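Please read the structure below before turning to the comments.
The values are calculated or read from the model by the stated rules, or taken from the named source; none is laboratory data. Keep in mind that what you see is a predicted model, and the values were worked out from it rather than measured. Neighbour counts are summed over all protein chains in view; Cβ atoms, including those assigned to glycine, are modelled from backbone coordinates with ideal geometry.
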Amino acid sequence: MKLFRLHKRFLLMLNAIAILVAFLMHLPELIALFEPEAGSRLFPDVHWANVSYEILFTYLSMLLLFLLNIKIMMPAKPTTELGWKRVAVTFVVTLVVCNLLGKGFVYVHQHLGVPAITATLHHYLHPLRDILIACIVTGTSYLYYQNQRSRRMLLENEQLRTENLVNQYEALKSQLNPHMLFNSLNTLYSLIRESPDKAQNYLQELSRVMRYTLHDNQSHTVALSEEMSFVRSYIYLLQMRYEDNLHFEIEIPQELLQRQVPLMAVQMLVENAVKHNEISNRKPLTIRICAQGDSLCVSNRIQPRLSDSSNTCIGLANLSKRYQLLFGRDITIEENEKNFQVTLPLI
């Protein structure tokens, strides 16, 4: 229940507001108690019991109205934006309920003899007091929601920062692990002997890959055009290693290149495909990177390696988490006996 999830400080604040407002709403009656001559003109026959019951009723009514506001105003999902229509409906409902509670108190006074103030001026002030109470209750609930939403956004930003740091660390570790360096240096060594021009190009593309991997992107997202520029450099390194055994089919419309994706999202999918599939003369691998509506699909035929390689799906889980934190959306993973495909929403 929402009530039990509320912060203790918030509950104390609600009680403090309810008590303060209850006394302020009946300040004229309290003054009349201490000034009998002035009070006899505005509030005849006013007594402590009458004022006390009125204050108690206002206090309990405000607590009830606060709970009603929390029930109506708070969206089902904490991240949902609170629209003005919902706030307006909450205010109207609060005003109506406040008026009905007042009529209920009058009924209890008339039929059960509960002490209450019967002065004409007091009854004239009731509509104004109902409006003020509705404004205070709805306004306080709205400010509390905005405060909680801000705190939640700060927490999610911190989570996103952590996820992004983990992702950069994993990507850096993948690029700099001894196996990767060994293969890169072997390829570079062969190219230096056979084709110095190709070796220079290879070293240039390797430098681009390393620079992008170490890039500090504070926004956590990049344009698809920038991501694909990095991916093409990464593809170049892979094709120099696997030669004609690794092929890529890339089809992305120009209008989608300005859409946003998480940093190194596409590269991670390409890396996964190469890591977990056999690539040889008898089984060449083709990786397709193509647009599908407003999404980007990375797919390949499943060719399990002869040597068992661990697949803990940490990369995909990390990418899914980043999408949820950044955009409130998720990636789609489709797998059957022949093909494996991951779909990335383009934002």
Find all pairs meeting these conditions: Cβ atoms under 8 angstrom apart; at least six residues apart or on different chains; first residue within region 203-232 and closer than 19 Å to Y323 by Cβ and of a type in the set (D, E); second residue modelled with pLDDT of 80 or more and assigned to a helix (DSSP H, G or I).
E227/A265; E227/V266; E227/Q267
Taking region 81-122 on its own, how many of its residues are more than 22 Å from H47 (Cα to Cα) and polar (S, T, N, Q)?
3
Within 25 Å of the chain's Cα centre (by Cα), buried (at least 16 other Cβ atoms within 10 Å of the Cβ) and within 20 Å of I302 (Cβ to Cβ) - does that describe any residue in region 242-263?
no
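Out of curiosity, is V93 free of Cβ contacts under 8 Å to residues at least 40 places away in the same chain and assigned by TED's automatic domain parsing to the domain that holds N50?
Details: free of Cβ contacts under 8 Å to residues at least 40 places away in the same chain: yes; assigned by TED's automatic domain parsing to the domain that holds N50: yes.
Criteria met by V93.
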Filtering region 231-276 for residues that are in contact with a Ser or Thr (Cβ under 8 Å, 6 or more places away or on another chain) and in a helix (DSSP H, G or I) leaves a count of 6
Those residues that are closer than 30 Å to M73 by Cβ and loosely packed, with under 12 Cβ neighbours inside 10 Å, I need them from region 106-126; list them, please.
Y107
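In region 266-284, is there at least one residue being of a type in the set (A, V, I, L, M), farther than 30 Å from T187 by Cα and within 28 Å of the chain's Cα centre (by Cα)?
Step one: list which residues in region 266-284 are of a type in the set (A, V, I, L, M), which gives 266, 268-270, 273-274, 279.
When the remaining residues are screened for being farther than 30 Å from T187 by Cα, the result is none.
Checking region 266-284: not a single residue is of a type in the set (A, V, I, L, M), farther than 30 Å from T187 by Cα and within 28 Å of the chain's Cα centre (by Cα).
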Scan L112, L121 and give me the residue that is touching a Leu at 6+ places or on another chain (Cβ under 9 Å) and either among the polar types (S, T, N, Q) or at pLDDT below 85 (or both).
L121
Within region 15-51, tally of residues that are modelled with pLDDT of 85 or more and not hydrophobic (A, V, I, L, M, F, W, C):
1
If you check L316 against the conditions, is it part of a helix (DSSP H, G or I) and at pLDDT below 90?
yes
Out of curiosity, is L191 among the aliphatic types (A, V, I, L, M) and modelled with pLDDT under 75?
no
